[in-house]
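Novice: Here it is, the structure, as structure tokens.
The values are calculated or read from the model by the stated rules, or taken from the named source; none is laboratory data. Not measured: the values here are computed from a predicted model. Neighbour counts run over all protein chains shown; Cβ positions are idealised from the backbone, glycine included. SASA here: full protein model, heavy atoms, side chains in, ligands and nucleic acids out. Shrake-Rupley method; radii C 1.70, N 1.55, O 1.52, S 1.80 Å.
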Amino acid sequence: METHLLEWFNTLGIYAIALSILLNIIISVLGVLPSVVITAANITFFGFEKGLAVSIAGEALGAIVSFYLYRKGIKKLFQHKEINNGLLTRLQNSKGVEAFCLIIALRIFPFIPSGLVTLAAAISRVGIMNYSIASTIGKMPALVIEAYSIQQVLVWNWKGKIILSVFLLFIIWLVLSRKKSAKE
């Protein structure tokens, strides 16, 4: 997938930025696909700093478009329903500074799917401007870590090998812990 994306970027030249941002928006609206492939292609094609900037712009715009669409279309379905997650439920019932800080925290925390954060915010009382700013601020550190990790894996030096090893150990631990909890 990344190879095809890089070929498209090459063909499009300067318009590759627009394609990357558009793909990030689509992924955000779908809410279930990870954007790591686009981030990897951005880092490879544009270089670390520019690729990171394009990824931040794409994910920020994707979150804003998703929020708007979710609020318009899905809010009616979830008007009186709670999301069964402590922080997401708290976000759903918050507003103002508390909602702003929760969105930043939930965006930084890598194990909560972005689509769920957007959905919880869309059915909360937070405004689109507060959501947009908080979401973008929260995504920045997560994207810097993601981009750096991708860069280290791409150059495949000792740091990349350690990152990949830790990631694989985490996946193994996650699978084993889920199997253990399923048996109980």
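Novice: Mind checking which helices (runs of 4 or more DSSP H) fall wholly inside segment 94-184 and carry at least 1 residues that are open to solvent by 80 Å² or more (accessible area, probe 1.4 Å), modelled with pLDDT of 85 or more and among the hydroxyl-bearing types (Ser, Thr, Tyr)? Write out each step before concluding.
Specialist: Details: elements: 96-108, 114-122, 128-155, 158-183.
Here the list reads 128-155.
Novice: Does MET140 qualify as being under 26 Å from PHE100 (Cβ atoms) and without any contact (Cβ under 8 Å) to a residue 12 or more places away in the chain?
Specialist: For MET140, the condition - under 26 Å from PHE100 (Cβ atoms) and without any contact (Cβ under 8 Å) to a residue 12 or more places away in the chain - is not met.
Novice: Which one is farthest from THR136 (Cα to Cα) among residues in segment 42-65 that are open to solvent by less than 20 Å² (accessible area, probe 1.4 Å) and of a type in the set (Gly, Ala, Ser)?
Specialist: GLY51
Novice: So which residues in segment 25-49 are under 20 Å from VAL153 (Cβ atoms) and not aliphatic (A, V, I, L, M)?
Specialist: Passing the criteria: PRO34, SER35, THR39, ASN42, THR44, PHE45, PHE46, GLY47, PHE48, GLU49.
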